[in-house]
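Colleague: The structure's right below; bear with me while I get my questions together.
The values are calculated or read from the model by the stated rules, or taken from the named source; none is laboratory data. Small disclaimer: the values here were computed from a predicted structure and weren't measured. With ideal geometry, Cβ positions are generated from the backbone for all residues, glycine too; neighbour counts draw on all protein chains shown.
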Amino acid sequence: MESMGKKKPRPRRSFTPEFKVEIVELCRRGDRSVGQVAKDFDLTETAVRLWVAQAETDAGEREGLTSGEKEELARLRRENRRLREDVEILKRATAGELQAVVELFQAWGAGGEVEADVAAELAARFGRRLPCESQQRR
């Protein structure tokens with residue numbers, strides 16, 4: 001028995017917030033189903049349903065995190081991960097190196113720059129790149 005050919009996965013696409021709002025409005029009008037709107041615009045029904053659900057959450061019609069709350073949560077998780085990495089670097093520093101590393105982190109946190117050779121040495125020792133004169137702090 002021959003195996004049925006598998007469909008190739010669709011490449012991931014991104015859509016503007018304005019486009020998503022228009023799709024949600026079409027679904028809310030009620031003259032077309034979510035499935036029909038998805039088919040008409042070559043979208044997956046799942047994606048359209050998620051956009052509608054998120055719009056309802058943002059409007060306070062449904063429980064859950066709003067778009068703004070999701071963005072803040074993602075930002076806080078990134079910051080938390082970076083701070084945990086910083087703590088790990090400080091834990092690995094020996095007593096003799098600790099003061100120099102602390103001073104470098106204080107300069108970095110204050111928007112100061114670290115010399116390129118010092119940043120490279122710290123990166124080699126501790127596995128984390130620090131900004132130097134040739135890089136801007138993000």
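Colleague: Please tell me if ARG13 is modelled with pLDDT under 95, surrounded by 10 or more Cβ atoms within 10 Å (Cβ to Cβ) and at negative phi.
Modeller: For ARG13, the condition - modelled with pLDDT under 95, surrounded by 10 or more Cβ atoms within 10 Å (Cβ to Cβ) and at negative phi - is not met.
So that you can scan it fast, the table gives a plain yes or no per residue for (1) out of contact with any Pro (no Cβ under 8 Å at 6 or more places or on another chain); (2) at pLDDT below 95; (3) of a type in the set (S, T, N, Q); (4) farther than 30 Å from PHE105 by Cβ:
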{"site": "MET4", "(1), (2), (3), (4)": "yes, yes, no, yes"}
{"site": "ASP31", "(1), (2), (3), (4)": "yes, yes, no, yes"}
{"site": "VAL37", "(1), (2), (3), (4)": "yes, no, no, yes"}
{"site": "TRP51", "(1), (2), (3), (4)": "yes, no, no, yes"}
{"site": "ARG62", "(1), (2), (3), (4)": "yes, yes, no, yes"}
{"site": "GLU72", "(1), (2), (3), (4)": "yes, no, no, no"}
{"site": "GLU85", "(1), (2), (3), (4)": "yes, yes, no, no"}
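Colleague: Taking segment 59-75 as the search range and keeping residues that are assigned to a helix (DSSP H, G or I) and among the charged types (D, E, K, R), which one is farthest from ILE23 (Cα to Cα)? Write out each step before concluding.
Modeller: Narrowing segment 59-75 to residues assigned to a helix (DSSP H, G or I): 67-75.
Subsequent filtering for residues that are among the charged types (D, E, K, R) retains 69-72, 75.
Working: GLU69: 22, LYS70: 21, GLU71: 22, GLU72: 25, ARG75: 27 Å.
Going through the qualifying residues, I end up with ARG75.
Colleague: Can I ask one more? Given the conditions (1) closer than 25 Å to SER14 by Cβ; (2) modelled with pLDDT under 65; (3) surrounded by 10 or more Cβ atoms within 10 Å (Cβ to Cβ), and given that LEU76 satisfies all but one, which numbered condition is not satisfied?
Modeller: It is condition (2) that LEU76 fails.
Colleague: Hey, another quick one. Regarding ASP86, is this residue assigned to a loop (DSSP other than H, G, I, E, B) and either in contact (Cβ under 8 Å) with a residue 12 or more places away in the chain or exposed (fewer than 12 other Cβ atoms within 10 Å of the Cβ) (or both)?
Modeller: no
Colleague: Mind listing just one residue for me: the one in segment 25-58 that is outside any helix (DSSP H, G or I) and small (Gly, Ala, Ser) and, of those, nearest to the chain's Cα centre (by Cα)? Steps first, answer last, please.
Modeller: From segment 25-58, those outside any helix (DSSP H, G or I) are 30-33, 41-44; that's our starting set.
Filter once more, so that each one left must be small (Gly, Ala, Ser): 30, 33.
On the way: GLY30: 34, SER33: 32 Å.
Ranking the qualifying residues of segment 25-58, first place goes to SER33.
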